[in-house]
Amino acid sequence: MELQELLNKESFTKEELIYLLNLKNEDQINLLFKKADEVRQKYCGNEVHLRGIIEISNYCEQNCIYCGLRLDNHYLKRYRMTPEEIVKTAKSITNEGIFTIVLQSGEDSFFDTEIISYIIYQIKQNVDVAITLSLGERNFDDYKTWKIAGADRYLLKHETANPRLYEAYHFKQKLAERLEHLEYLKSIGYQVGSGNLIGLPMQTVDDIADDILLCSKFDLDMAAFGPFIPSPHTPYHNKQSGDVLLTLKTIAVARLVLKNVHIPSTTALATLDKNGRKKGLMVGANVVMPDFTPIPYRENYLIYPEKAGLKDDPIVAKANLENLLNSIGRNISYKRGDSLKQKVIPS
Ligand code: SAH
């Protein structure tokens, strides 16, 4: 089959995904990128959705082998924002016209049922803003309470769809459990985001194809594909970073497969390549997640080092992003940017 004919297909076999992810010829890769951009245009339009992220705590009770927040990283200076600081930061995000707030942290049970509910309630008091939680694997009852308190979305990356690799990276945790959490979150009406890490040790292109297929099977609302970046004081500190081109190909192939799903151009991609943000947006991505964590905390949210924009004032960063988007014929959305899928939400 001609490449163009393959790219025009509506659905793809795993072998076809592997073939596309393995493309080496520059002209062929450009054809893939062009098609992914067309599919993004068709399903998502020109708007780029911003999700203002607040990294509320870097305490973590898990030991993910690749992550700088892991429990055994005793070099990391730990912090927790207070509920008042979080609500105030949320206000500064909505003041910028950004109507999705992502509350992210390590798995930190200090932020319990009540505290998170209180924060959600306070943020939603006066403004119609979507709240995404990204707090790791928590109790099913908590997910439910937070949904009732007003949370709209949950972001929980599956990290890898290969169960053996999942166990190698996460020790106690199991892929099957992670997937149960995603299923449960969906069943109680959250808009759900998941995704993988690209370039973790031992991962193959075959695994990445499975990651994309898993996102398709779970009928996600958002899917994130970001490169792995080695983090100091973790067992993987001296491993290679994920490949930028492979990350871009993954975003492009994911767009062809997933179609009406939000896909971010990640900060990790922008960290590995100074034009990474723009490149991601040009090959299928339609979301950016600017960091609004106040400066003294932000530099300790060290999932990986030298994060792009670490020292940037979020308001200046947003203006720069606006310029970047203008230069590629795109514009910022000033709406909540909910799921692109029609949902029947269970009552
Ligand atoms: N604790 C929460 C969210 C915080 S971690 C959770 O488990 O969902 C957010 C994301 O950072 C993870 O899902 C992972 O994909 C990513 N991440 C962790 N370590 C990384 C690294 N070294 N390089 C790039 N991304 C990393």
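Could you tell me how many of the residues in segment 272-311 are open to solvent by 30 Å² or more (accessible area, probe 1.4 Å) and either assigned to a strand (DSSP E or B) or touching a His at 6+ places or on another chain (Cβ under 7 Å) (or both)?
Adding up the residues that qualify gives 1.
Can you tell me which residue within segment 221-234, out of those that are under 16 Å from Val287 (Cβ atoms) and within 10 Å of the ligand (Cβ to nearest atom), is surrounded by the fewest Cβ atoms within 10 Å (Cβ to Cβ)?
Ranking the candidates gives Ala224 first.
May I ask you to list the residues in segment 26-50 that are open to solvent by less than 40 Å² (accessible area, probe 1.4 Å) and either of a type in the set (A, V, I, L, M, F, W, C) or out of contact with any helix residue (DSSP H, G or I) (no Cβ under 9 Å at 6 or more places or on another chain) (or both)?
Ile29, Leu32, Phe33, Ala36, Val39, Cys44, Gly45, Val48, His49, Leu50
For Leu324, all conditions in the list (1) of a type outside the set (Ser, Thr, Tyr); (2) surrounded by 23 or more Cβ atoms within 10 Å (Cβ to Cβ); (3) more than 16 Å from the ligand (Cβ to nearest atom); (4) closer than 23 Å to Gly337 by Cα hold save one; what is the number of the exception?
Going through (1) of a type outside the set (Ser, Thr, Tyr); (2) surrounded by 23 or more Cβ atoms within 10 Å (Cβ to Cβ); (3) more than 16 Å from the ligand (Cβ to nearest atom); (4) closer than 23 Å to Gly337 by Cα one by one, Leu324 breaks only (2).
Is there a residue in segment 327-337 that is touching a Gly at 6+ places or on another chain (Cβ under 7 Å), more than 26 Å from Phe218 (Cα to Cα) and open to solvent by 40 Å² or more (accessible area, probe 1.4 Å)?
Scanning segment 327-337, I find at least one residue that is touching a Gly at 6+ places or on another chain (Cβ under 7 Å), more than 26 Å from Phe218 (Cα to Cα) and open to solvent by 40 Å² or more (accessible area, probe 1.4 Å), so the answer is yes.
Please pick out the residue among Ser265, Ser194, Ser241 that is within 15 Å of the ligand (Cβ to nearest atom), modelled with pLDDT of 95 or more and touching a Pro at 6+ places or on another chain (Cβ under 9 Å).
Ser241 is the lone residue from the list that is within 15 Å of the ligand (Cβ to nearest atom), modelled with pLDDT of 95 or more and touching a Pro at 6+ places or on another chain (Cβ under 9 Å).
Please verify whether segment 120-128 includes one or more residues that are in contact with a Pro (Cβ under 8 Å, 6 or more places away or on another chain) and touching a residue at least 24 places away in the same chain (Cβ under 8 Å).
yes
How do the helices (runs of 4 or more DSSP H) wholly within segment 136-204 filter down when requiring 2 or more residues that are farther than 28 Å from Asn238 by Cα and hydrophobic (A, V, I, L, M, F, W, C): which remain? Quick ask: steps written out before the conclusion?
Working: elements: 140-149, 163-170, 175-187.
It comes to 140-149, 175-187.
So, of the residues in segment 64-116 that are surrounded by fewer than 18 Cβ atoms within 10 Å (Cβ to Cβ) and of a type in the set (Gly, Ala, Ser), which turns out to be farthest from Pro314 (Cα to Cα)?
Result: Ser109.
Mind checking whether some residue in segment 200-215 is farther than 23 Å from Asn63 by Cβ, open to solvent by less than 10 Å² (accessible area, probe 1.4 Å) and within 13 Å of the ligand (Cβ to nearest atom)?
No, segment 200-215 contains no residue that is farther than 23 Å from Asn63 by Cβ, open to solvent by less than 10 Å² (accessible area, probe 1.4 Å) and within 13 Å of the ligand (Cβ to nearest atom).
Does segment 235-271 hold any residues that are assigned to a helix (DSSP H, G or I), within 18 Å of Val287 (Cβ to Cβ) and open to solvent by 20 Å² or more (accessible area, probe 1.4 Å), and which are they? I'd like the intermediate steps shown before the answer.
Step one: list which residues in segment 235-271 are assigned to a helix (DSSP H, G or I), which gives 244-258, 267-271.
Cutting the leftovers down to within 18 Å of Val287 (Cβ to Cβ) gives us 247-248, 250-258, 267-271.
Of everything in segment 235-271, those that are assigned to a helix (DSSP H, G or I), within 18 Å of Val287 (Cβ to Cβ) and open to solvent by 20 Å² or more (accessible area, probe 1.4 Å) turn out to be Val257, Thr267, Thr271.
If you check Asn275 against the conditions, is it of a type in the set (S, T, N, Q), more than 13 Å from the ligand (Cβ to nearest atom) and touching a helix residue (DSSP H, G or I) at 6+ places or on another chain (Cβ under 7 Å)?
When the stated conditions are applied, Asn275 does not pass them.
How many residues does segment 145-160 contain that are in contact with a helix residue (DSSP H, G or I) (Cβ under 9 Å, 6 or more places away or on another chain), away from the ligand (no atom under 16 Å from the Cβ) and either open to solvent by 50 Å² or more (accessible area, probe 1.4 Å) or among the acidic types (Asp, Glu) (or both)?
3
I need every pair where a residue in segment 42-65 that is among the hydrophobic types (A, V, I, L, M, F, W, C) has its Cβ under 6 Å from the Cβ of a residue that is assigned to a strand (DSSP E or B) and open to solvent by 20 Å² or more (accessible area, probe 1.4 Å), sequence separation at least 6 or different chains.
Ile53/Gln104; Ile53/Asp291
Being open to solvent by 80 Å² or more (accessible area, probe 1.4 Å) and touching a residue at least 12 places away in the same chain (Cβ under 8 Å): is that true of Tyr19 here?
So Tyr19 passes the test.
The values are calculated or read from the model by the stated rules, or taken from the named source; none is laboratory data. Given the structure is predicted, the values throughout are model-derived calculations rather than measurements. All Cβ positions, glycine included, derive from the backbone under ideal geometry; neighbour counts span all protein chains shown. Accessible surface areas use protein heavy atoms only, side chains included; no ligands, DNA or RNA. Shrake-Rupley method; radii C 1.70, N 1.55, O 1.52, S 1.80 Å.
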